[in-house]
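Values in this text are rule-based calculations from the coordinates and carry no lab data. The structure displayed is predicted, hence computed values, not measured ones. Reconstructed Cβ throughout: ideal geometry from the backbone, glycine too, with neighbour counts over all protein chains shown.
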Amino acid sequence: MTSEAIINTNKSKSQLLWEQCAAKSMFFIGGFGAATWAPLVPLLKDRLQLTEDILGLLILCVGIGSLLTMPISGAAATRWGCRRVLITAAAAYGIILLSIAQVASFWMAVPMILILGAAMGSIDVVVNVMGIIVEKESGKRIMSGMHAFWSVGGFVGSGIFSLWLTLGLNHLQSTMIAALIIAALIVIFGRHLLGYAAESEDSKLLALPRGIVIFIGLITFIAFLTEGAMMDWGGLFLMEEHNVDMSLAATGFMVFSAAMLLIRLTGDTIVTKLGDKAVAVGGSILALMGFLLLIFGFNAILLYTGFFLIGIGSANIVPIFFSLMGKQQDMPVNTAVPAVSTMGYLGILMGPAAIGFIAAHTNLLFSFGFLSLLVFLQTLIARYVYKKLL
C-alpha cells in the first residue's frame, strides 16, 4: 500500500488546520532545540576542561547519533505512527538538553550527546514524512511554510537563551525554561499529530535510496552542504579573502539566514504562483550568481548581495524536493524521506571538512569556487528530476 492510499480527504477544515499547526510545532522544536544546544557547547568545554580537538569529537557525536537513527526512523513511524515517534523524540530532546546542562564528566557527556543527535535525527525525518502527508491532505502548498518554522525555532531559541543569560539566569535555569517550552508544545499539539505514517509493504529497517530518490538525495546533499559551509566558513571567507573587519564578518551569515527565513515564510505562495520547477531551477541559478558575487565581488554591497542571493535561491530547494517525494513511485515515502534526510545530513557533516581541506591546499576562493560548481550541478540534477517526474 502506498502513501496515497491513506490520504484522508474527509477531515474538517479545523482538523486539517490543527494538523498543520502540529507539524509546524515539531519543525519549531527541531530548530529551537538546536539553538538551545549551541550555548551548551562552550559550557561543556569550560566545565569538563576539554581541548578543542576533544570538544570537536564530542560535537561529532551529535552527527553520529543522527546518522544512526535517521535510516530507521521512517520504519519506526510506519510501525508506531508519526505521533508516537515525534512525541517520544521531542520529549527526549528536552530531557537530554536539561541533562547535558548538568553533566559533570566527559564519559557521561558522550552517551547523552549521542542521544541528543538521535532525537534530532528522528524529529527531522519523521516530521518530514508527516509533512508530506499533511500537505497532500490539505490540497495546497504548505511545505515551505512548515520548514520555515525550523528557522523560526532557531531564531527564537537563540534570542530567548541570550535573554535569560542577560537577565542573570545560569545555563541550567535557561535550559530548564527551554525544556518547559518544548514540553508545553508537546502538550498543546501532540494529540493533533498524525497517528499514522505512509503505509508500505516495502518498509525496510534501513532506507537506501534508489531510482529518482538518489538524485533527490544528491540535491539535498548539495543544499545542506552549502548551508553548512555558509554557516561555518562565510565569516572567515569575508575576513581572509575580502579583508572584512572581524566585527562585521558574521553579518554575511545573518543576511543569508534572514533571506532564507523570509523566502521560506513566503515560499508556498511563490511556488504556487511560479511553479515548483521554476522556483527550484531558478533558485539554484540565483544561488550560483550569489557565489559568483562572493568570489568576484569587490565591495561590501556586492558581497552581501551574494549572501542574500544564496539565501533566497537555496531557501525553497529542500522543501520543494521533499514535496516531490510524495509524487515519485520508486520508493515509499516513509523510506524515501529517511534516505534523503541521511544524504542531506552527510552534506552538513562533510561540507565544513571538505571546504577546509580544499582551503588548506589552495585558499577559500577555490573552496567557494568548488561550492559554485556543486550548485551548478544541483541545477542540472534538478532539471533531470523534473524531466523524469513531470
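For the reader, a short list of remarks on this structure follows.
- When region 11-192 is described by a simple charge dipole with +1 on each Lys and Arg Cβ and -1 on each Asp and Glu Cβ, the residue from W107, S122, Q49 located farthest towards its positive end is S122.
- Sum of side-chain charges, W233 neighbourhood, beta-carbon under 15 Å (Lys, Arg +1; Asp, Glu -1): -4
- Extension gain, C21-I214: 0.36 nm per intervening residue step, less the Cα-Cα distance, totals 66.4 nm.
- Span from the region 240-310 Cα centroid across to the region 54-119 one, whole angstrom: 32 Å
- Counting every other Cβ atom within 10 Å of each residue's Cβ, H171, H361, H192, H147 order from fewest to most as H361, H192, H171, H147.
- Of all lysines in the structure, those lying under 17 Å Cα to Cα from K273, and not within fewer than 8 positions of it along the same chain, are K140.
- Residue (of S323, H361, T266) at the positive-pole extreme of region 212-389, dipole from beta-carbon charges: S323
- Cα-based shape type of region 66-219, given that a ≥ b ≥ c are square roots of the gyration tensor eigenvalues and the cut on a/c is 1.5: prolate
- Sorting M112, M254 by the number of Cβ atoms found within 10 Å of their own Cβ, with the fewest placed first, yields M254, M112.
- Relative contact order for the chain, counting Cα pairs under 8 Å that sit 6 or more residues apart, in percent: 25 percent
- The chain - charge dipole about Cα centre, Lys and Arg +1 at Cβ, Asp and Glu -1, debye rounded to 20: 1060 debye
- Each residue in L163, L40 was given a count of other beta-carbon atoms within 10 angstrom of its own, and listing them fewest first yields L163, L40.
- Cα gyration tensor shape of the chain, rounded if a/c is under 1.5, else prolate or oblate by comparing a/b with b/c: oblate
- Membrane-span-like helices in the chain, defined here as complete DSSP H runs extending at least 20 Å along the helix axis by their C-alpha atoms with mean Kyte-Doolittle hydropathy no lower than -0.5, are 13-37, 52-80, 82-100, 106-138, 143-166, 171-189, 212-242, 251-274, 276-296, 300-314, 333-361, 364-389; this is a sequence and geometry rule, not a statement about a membrane.
- About its Cα centre, region 1-130 has a charge dipole of approximately 480 debye under the convention of +1 per Lys or Arg Cβ and -1 per Asp or Glu Cβ, with nothing else charged.
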